[in-house]
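Encoded as structure tokens, the structure appears first; notes follow it.
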Amino acid sequence: MRYVYCHPLFDERKCSHRFSYQLSKAFEKNNLQLERFDYQGTGEAEGKFCDVTMDSLQNDVKIKIADSPACLIGTRLGATIAFNCCCQEKQVIKTLILIEPVVNGKEYVEYLFRKQHLKDMITGNHNDLSNDKSFCNLEGYKTSNAFLEQVRHINIFETHNRINVETVYIACISSSGKVYHEYDQLVNHLKKNGIQVNVEIFNLPIFWERIPAMDYSVLTDKIVEWCK
Amino acid sequence: MSHPEFFNSGPNVLSYICTIPNDNKIKAGLIFVHAADGNRLGPHRMFVELADRLKNCGIASFRFDMRGCGDSASRK
């Protein structure tokens with residue numbers, strides 16, 4: 001079985017990098033290998049971020065796993081990309097581990113714009129990208145509006161019927177100790193489809209929003225346990 | 001896609017990526033040092049894109065993760 005990690009995007013990728021590093025080390029300790037990779041136009045990969053689309057992201061995952069049985073682990077938008085891949089692939093992805101997946105694309109995009117707006121206010125930036133209306137600046141990334149439109153259309157509750165996977169684990173990062181309503185809904189939907197679902201709450205800071213110097217072992221050890 | 005390599009810095013193993021001009025004719029070298037909360041990619045991947053452009057101008061670059069950042073270990 002291959003274990004493939006799907007990064008989130010934008011600053012969430014930078015902030016969660018340390019988590020993915022610690023996760024790969026936890027896998028190593030257990031004689032497993034976590035494959036981390038960058039989608040085209042992100043991280044160390046070739047290409048430009050302005051060319052990224054949901055299709056290109058999902059295609060990159062598809063190429064990465066090829067036709068071998070795999071377990072996909074994703075954080076935030078990476079989790080949603082992994083989820084969508086399970087709606088396309090047949091019998092290849094056995095296990096899906098979702099860490100705070102984006103379930104509603106519209107809300108997610110609004111959230112990204114709110115963050116950008118705050119940064120613009122702090123830095124006095126006017127968010128100008130040479131008057132090119134096909135792109136916008138999101139956390140310093142030249143992002144195509146076509147991609148954002150695809151993200152806006154993300155609605156896991158509309159695609160869950162097509163999902164083809166044996167087991168789904170959902171890691172809910174919540175300091176309140178409660179599972180978010182959306183995840184509860186998702187669990188119920190998936191269970192109705194005959195999929196084995198486990199949801200677990202982790203009392204951790206929102207590590208994809210800032211870079212805490214912290215130990216993620218409570219989450220990484222649990223993920224390794226799920227993968228064994 | 002560039003793959004990180006590792007070097008020892010005291011007790012710590014740090015990850016780095018070295019970008020060399022294609023013809024190996026190096027006019028100059030540049031070391032990227034990221035901010036305390038960053039990694040070798042730089043803010044919004046700026047270091048990656050800059051290293052790629054510099055490569056075409058004959059400038060080699062070295063990007064690394066400080067200890068405890070990115071893919072670098074932190075033992076002390």
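Structure notes:
- Taking 0.36 nm per residue of separation and subtracting the Cα-Cα distance, full extension of the segment from A:Phe157 to A:Asp55 would add 34.8 nm.
- Whole-number percent relative contact order across chain B, with pairs defined as alpha carbons under 8 Å at least 6 apart: 40
- Cross-link reach list, aspartates and glutamates versus A:Lys62, counting only Cα pairs under 16 Å and skipping chain neighbours closer than eight places: A:Glu35, A:Asp38, A:Glu89
- Note: relative contact order over chain A, using C-alpha pairs below 8 Å and six or more positions apart, is 23 percent.
- Hits among lysines - C-alpha to C-alpha of B:Lys55 under 18 Å, sequence gap 8 or more where chains match: A:Lys48, B:Lys25, B:Lys27
- Likely footprinting exposure, A:Trp226, A:Trp208, fewest C-beta neighbours within 10 Å first: A:Trp226, A:Trp208
- Shape category assigned to region A:116-196 from the gyration tensor of Cα positions, a/c cut at 1.5: oblate
- Charges were assigned to the Cβ only: +1 to each Lys and Arg, -1 to each Asp and Glu. The resulting dipole of chain B about its Cα centre is roughly 160 debye.
- Alpha carbon centroid spacing (whole Å) that separates region A:177-218 from region A:19-72: 20
- For region A:23-64, the convex hull drawn through the C-alpha positions has a volume of 78 cubic angstrom per residue.
- At q = 0.15, 0.19, 0.28 Å⁻¹, base-10 log of I(q)/I(0) for region A:156-228 (Debye sum, equal scatterers on each alpha carbon): -0.59, -0.88, -1.27
- Between helix A:54-65 and chain A: long-axis angle, C-alpha atoms, 0 to 90°, nearest 10: 40
- Across region A:44-143, C-alpha contacts under 8 Å between residues 6 or more apart give a mean separation that, scaled by the residue count, equals a relative contact order of 26 percent.
- The orientation-averaged projected area of the convex hull spanned by the Cα atoms of chain B comes to 5.1 nm².
- Inter-site label distance for A:His181 and B:Ile31 at 7 Å from Cα along Cβ, in nm: 5.4
- Excluding same-chain neighbours fewer than eight residues apart, the aspartates and glutamates reachable from A:Lys29 by a Cα-Cα span under 14 Å are A:Asp221, A:Glu225.
- Cβ-based charge dipole, the protein assembly as shown, positive-most Cα from B:Ala35, A:His189, A:Ser56: B:Ala35
- With both residues required to sit in the protein assembly as shown, DSSP beta bridges show an antiparallel share near 30%.
- Computed label-point distance, nm, for sites A:Asn164 and A:Asn125 using a 7 Å Cα→Cβ extension: 4.1
- Estimated D of the protein assembly as shown in µm² per second, where Rh is the Kirkwood radius over Cα pairs and Stokes-Einstein applies at 25 °C, 0.890 mPa s: 121
- A crude spin-label estimate for the pair A:Lys192 and A:Lys29, with each label 7 Å from Cα along the Cβ direction, gives 4.0 nm.
- With the biggest extent put first, the Cα atoms of region A:1-108 measure 37, 32, 28 Å across the principal axes.
Any read-out appearing in this document is the output of simple, stated calculations on the displayed coordinates, not a laboratory observation. Model, not experiment: these values are computed from the prediction. Every residue, glycine among them, receives a Cβ derived from its backbone with ideal geometry; neighbour counts consider all protein chains shown.
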